[in-house]
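Visitor: Below: one structure in structure tokens.
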Amino acid sequence: MPHCELHYSNDLDIDVDAILADVEAIILAHDAGSGETKGRAYPAPHFRHTNFKASLSLLPKPHRDAQFVAALQRGIVTAIKAHLPRPCWMSIDIAFSGPGYHTELLE
């Protein structure tokens, strides 16, 4: 169950719903069993320099190796670049959850 958090300066006129949908589609294209990507977006009213950061968190799995991360990063970078105006600092961080991570769907 991946997570994606978007943190960005609120001077950016961007479609965060479209970005989150693209991120989910790219993760699923690289790992069809990954499940839904939980997405959140946080515009920052106070900032220095126009900027955007996407932080992705995934569960560690044997097939999610360095090649997986590199390919996923290429796809995410390409997709997000298409959504961002220029000039804008863009950062992408892909990380794996640690052993203390717990998740469940509460119904």
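Every number here is computed from the coordinates shown, using simple stated rules; none is lab data. Treat the numbers as computed from the prediction; the structure is a model and nothing was measured. Counting neighbours? That spans all protein chains shown, and the Cβs are built from the backbone with ideal geometry, glycine included.
Visitor: Can you sort L105, L20, L28 by how many other beta carbons sit within 10 Å, fewest first?
Guide: L105, L28, L20
Visitor: If you line up the long axis of helix 16-30 against the longest principal axis of the chain, both from Cα atoms, how many degrees apart are they, to the nearest 10?
Guide: On a 0 to 90 degree scale, this one is about 30.
Visitor: Among the chymotrypsin sites (Phe, Trp or Tyr not before Pro) within the stretch 38-107, which fall in a DSSP loop and have no more than 16 other Cβ atoms within 10 Å of their own Cβ?
Guide: Qualifying residues, ordered by number: F47, Y101.
Visitor: When each pair of different Cα atoms in the stretch 10-96 is counted once in the 1/r mean, what is the Kirkwood radius in angstroms, to one decimal?
Guide: One over the average 1/r among Cα pairs gives 13.8 Å for the stretch 10-96.
Visitor: In degrees between 0 and 90, to the nearest 10, how far off the longest principal axis of the chain does helix 66-81 point, with axes built from Cα atoms?
Guide: In the chain, helix 66-81 runs at an angle near 30 degrees to the longest axis.
Visitor: Decide, for the stretch 31-77, between rounded, prolate and oblate: order the square roots of the alpha carbon gyration tensor eigenvalues as a ≥ b ≥ c, take rounded if a/c falls under 1.5, and otherwise choose prolate if a/b is larger than b/c, else oblate.
Guide: Taking the square roots of the gyration eigenvalues as a ≥ b ≥ c, the stretch 31-77 is prolate.
Visitor: Taking every DSSP beta bridge with both residues inside the chain, roughly what % is antiparallel (nearest 5)?
Guide: 30
Visitor: If you don't mind, there's one more thing I want to ask. At a Cα cut-off below 20 Å, give the lysines reachable from K53, other chains included and same-chain residues fewer than 8 away excluded.
Guide: Of all the lysines, those that pass the test against K53 - Cα under 20 Å, at least 8 places apart if same chain - are K38, K81.
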